Amino acid sequence: MYWEEKTVEQDNSVPGDIVDVVYGISCRTLPLDHAYALSSAIRNELIWFAGEPYAAVHTIHVAASGNGWYRPDTAGQLLYPSRRTKLMLRIPEQRIEDARSLVGKTLDIQGNALTVNTMSQKNLSGITTIFARYIAIENAANEMEFLSEIAASLQQMGIKPKKMLCGKETALSVEDGTIMTRSLMMADLSVKESILLQQKGLGGYRWMGCGIFLPHKNINEIGETMG
């Protein structure tokens, strides 16, 4: 953990040049480790996606539990999306209409059908506590090395981190093996820093859900987020 006291906030404007498009979906089952398969299916349908440097695919997240079911954490197991589960892409504003072509398509996610029904959009958030479920680990052997690596990357972006907390390691499958990741929460950023990180992301593999930051309203409620 890295922690420094809060500083004064300054700017509350949120630009709309990078947005999240949100799709309503129908999907009975989905592999727990679906990032690579989902991203590949989307890039097959949206041929422009791979050429957009700030385009990213959010992995699909379901509730931790419900009706006696608990979200698994072992590779090879399945998720059971509800009717409220969404698929989200982070894209430049000028690609919004292009992204609409995904509506009506059925994607094959390792033999699991995912049908895209509707699309809406939302701007990024001005909230200054943000988290990423997966940050690709480059050379870090432990938590402190990971945080030092992250701090160095942030400084190159002109961001001085004040509060950072990383979670457990998670392996994500790719075509030729696996990549190791950690979750990361950051607090007491400025609004500009928060928006910059949401727009640009952090680290590699953003096309399959790594390095994508989401707003988190309460840093005290970190159990499910960081687990």
Over the range 128-149, the set of residues crowded, with 17+ Cβ neighbours inside 10 Å and either touching a residue at least 60 places away in the same chain (Cβ under 8 Å) or in a strand (DSSP E or B) (or both) is THR128, THR129, ILE130, PHE131, ALA132, ARG133, TYR134, ILE135, ALA136, LEU147
Selection over the range 153-177 where residues are assigned to a loop (DSSP other than H, G, I, E, B) and surrounded by fewer than 19 Cβ atoms within 10 Å (Cβ to Cβ) yields a count of 6
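Within the range 100-118, count every residue that is hydroxyl-bearing (Ser, Thr, Tyr), part of a strand (DSSP E or B) and farther than 16 Å from ALA37 by Cα.
Keep residues of the range 100-118 that are hydroxyl-bearing (Ser, Thr, Tyr), which gives 101, 106, 115, 118.
In the following step, the residues that additionally are part of a strand (DSSP E or B) were identified as 106, 115, 118.
Right, trim to farther than 16 Å from ALA37 by Cα and you get 118.
Total satisfying the criteria: 1.
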Picking from PRO92, PRO81, the residue that is modelled with pLDDT of 95 or more, within 19 Å of the chain's Cα centre (by Cα) and not hydroxyl-bearing (Ser, Thr, Tyr) would be PRO92
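The values are calculated or read from the model by the stated rules, or taken from the named source; none is laboratory data. What you see is a predicted model; the values in this text were computed from it and never measured. A quick note on method: Cβ atoms are made from the backbone with ideal geometry, for glycine too, and the neighbour counts reach across all protein chains shown.
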